[in-house]
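Enquirer: Below is one structure. I have some questions about it.
The values are calculated or read from the model by the stated rules, or taken from the named source; none is laboratory data. Keep in mind it's a predicted model, so treat the numbers as computed, not measured. Every residue, glycine as well, gets a Cβ built from its backbone with ideal geometry; the counts of neighbours run over all protein chains shown. Ligands, DNA and RNA are stripped out before the accessible areas are found, and what is left, the full protein with its side chains, is counted by its heavy atoms. Shrake-Rupley method; radii C 1.70, N 1.55, O 1.52, S 1.80 Å.
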Amino acid sequence: MPYVSGALTDGWAIVDVRVAVSDRRRMLLERNGFPVPAPVFVRALLDTGASISGFAPRVFRALDLAPVSTLEVVTPSTPAHAPHASDIYDVSLALVANGSAHPLADMRVMAADCWHADEGLEALLRVDVLSRCFFQLLGPERQFVCAF
C-alpha cells in the first residue's frame, strides 16, 4: 500500500496530487482523435472539514475543461444569505507517493481562487478523498500518514 507521510506544514498535512481530465472525457477525446491534455500536478492540503475539494482555476484552464455546473458555497467570510457561486468540474485525481501517481477516482471538484503564489498550494482535498485512504494525524509529533 503506497503512502505519504511527513511533518505538518503550518499545521496542515500537505500532499502532491495529479489532476487529469476524467476517464470519460479522456476516452471521448481519444475516440475522436483529439489530444488529451497533460495532467497537472499540484500541492494540496488535506482538510477533513471541507465540504468539497477545490483547485486553482489554472488547473482547469491547463486541462482545457469547461464547468459542468455551479455550486453555491458559503464560507466563513461569506454571509449565509449571499453564497458565492463556484464552477464545478469533472476530473480524475491521483495521489503522488515516491514519484508515482496512484489513481483515486473521478470526482467533481470546484474552482477555488483563494491561493496565494507564495504559499505553494493550489488545492484543498476534502474528506471524500480521505475516505479512500487511511489517514492518521499524529498531533503531538506534528506528523501525518496518508496510505492509499
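Enquirer: If I filter the range 124-132 for residues that are touching a Phe, Trp or Tyr at 6+ places or on another chain (Cβ under 6 Å), closer than 25 Å to ARG58 by Cβ, touching a residue at least 40 places away in the same chain (Cβ under 8 Å) and part of a strand (DSSP E or B), do I get at least one hit?
Expert: Restricting attention to the range 124-132, the residues satisfying the condition of being touching a Phe, Trp or Tyr at 6+ places or on another chain (Cβ under 6 Å) are none.
No: zero hits.
Enquirer: Among the listed residues SER86, SER92, identify the single one that is out of contact with any Lys or Arg (no Cβ under 7 Å at 6 or more places or on another chain), polar (S, T, N, Q), closer than 16 Å to ASP16 by Cβ and assigned to a strand (DSSP E or B). Step through it out loud before you land on a result.
Expert: Numbers: SER86 fails: closer than 16 Å to ASP16 by Cβ.
SER92 is the lone residue from the list that is out of contact with any Lys or Arg (no Cβ under 7 Å at 6 or more places or on another chain), polar (S, T, N, Q), closer than 16 Å to ASP16 by Cβ and assigned to a strand (DSSP E or B).
Enquirer: Within the range 67-76, is even one residue open to solvent by less than 50 Å² (accessible area, probe 1.4 Å) and in contact (Cβ under 8 Å) with a residue 12 or more places away in the chain?
Expert: Within the range 67-76, one or more residues are open to solvent by less than 50 Å² (accessible area, probe 1.4 Å) and in contact (Cβ under 8 Å) with a residue 12 or more places away in the chain.
Enquirer: Which one of these is modelled with pLDDT under 85, among the hydrophobic types (A, V, I, L, M, F, W, C) and either open to solvent by less than 90 Å² (accessible area, probe 1.4 Å) or in contact with a Lys or Arg (Cβ under 9 Å, 6 or more places away or on another chain) (or both): PHE148, PHE135, PHE144?
Expert: Only one candidate passes the filter, namely PHE148.
Enquirer: May I ask you to verify whether VAL36 is assigned to a helix (DSSP H, G or I) and either open to solvent by less than 70 Å² (accessible area, probe 1.4 Å) or more than 16 Å from ARG132 (Cα to Cα) (or both)? Spell out how you get there, then give the answer.
Expert: Numbers: assigned to a helix (DSSP H, G or I): no; either open to solvent by less than 70 Å² (accessible area, probe 1.4 Å) or more than 16 Å from ARG132 (Cα to Cα) (or both): yes.
Considered against the rule, which asks whether it is assigned to a helix (DSSP H, G or I) and either open to solvent by less than 70 Å² (accessible area, probe 1.4 Å) or more than 16 Å from ARG132 (Cα to Cα) (or both), VAL36 comes out as no.
Enquirer: Here is a follow-up. Determine whether ALA56 is within 21 Å of TRP115 (Cα to Cα) and in contact with a strand residue (DSSP E or B) (Cβ under 6 Å, 6 or more places away or on another chain).
Expert: Values: within 21 Å of TRP115 (Cα to Cα): yes; in contact with a strand residue (DSSP E or B) (Cβ under 6 Å, 6 or more places away or on another chain): no.
Against the criterion (within 21 Å of TRP115 (Cα to Cα) and in contact with a strand residue (DSSP E or B) (Cβ under 6 Å, 6 or more places away or on another chain)), ALA56 does not qualify.
Enquirer: Continuing with the same structure: Looking at the range 43-56, is at least one residue surrounded by fewer than 20 Cβ atoms within 10 Å (Cβ to Cβ), touching a residue at least 40 places away in the same chain (Cβ under 8 Å), more than 30 Å from PRO140 (Cβ to Cβ) and in contact with a Pro (Cβ under 9 Å, 6 or more places away or on another chain)?
Expert: Scanning the range 43-56, I find no residue that is surrounded by fewer than 20 Cβ atoms within 10 Å (Cβ to Cβ), touching a residue at least 40 places away in the same chain (Cβ under 8 Å), more than 30 Å from PRO140 (Cβ to Cβ) and in contact with a Pro (Cβ under 9 Å, 6 or more places away or on another chain), so the answer is no.
Enquirer: Condition check: in contact with a helix residue (DSSP H, G or I) (Cβ under 9 Å, 6 or more places away or on another chain), part of a strand (DSSP E or B) and open to solvent by 30 Å² or more (accessible area, probe 1.4 Å). Does ARG18 satisfy that? It would help to see each step written out before you state the result.
Expert: Working: in contact with a helix residue (DSSP H, G or I) (Cβ under 9 Å, 6 or more places away or on another chain): no; part of a strand (DSSP E or B): yes; open to solvent by 30 Å² or more (accessible area, probe 1.4 Å): yes.
For ARG18, the condition - in contact with a helix residue (DSSP H, G or I) (Cβ under 9 Å, 6 or more places away or on another chain), part of a strand (DSSP E or B) and open to solvent by 30 Å² or more (accessible area, probe 1.4 Å) - is not met.
Enquirer: Using beta carbons and a limit of 6 Å, which pairs, at least six apart or on different chains, have the first residue in the range 100-114 and at pLDDT 90 or above and open to solvent by less than 80 Å² (accessible area, probe 1.4 Å) and the second one among the acidic types (Asp, Glu) and part of a strand (DSSP E or B)?
Expert: These pairs meet every condition: ALA111/ASP87.
Enquirer: While we're looking at this one, here's another question. Suppose we keep only residues that are part of a loop (DSSP other than H, G, I, E, B) and polar (S, T, N, Q) within the range 45-83. Which one would you say is nearest to PHE144 (Cα to Cα)?
Expert: If we filter the range 45-83 for residues that are part of a loop (DSSP other than H, G, I, E, B), which is where we start, we get 47-53, 56, 63-68, 74-83.
After this cut, where a residue has to be polar (S, T, N, Q) as well, the list is 48, 51, 53, 75, 77-78.
Numbers: THR48: 13, SER51: 21, SER53: 19, THR75: 26, SER77: 28, THR78: 31 Å.
The extreme case among them is THR48.
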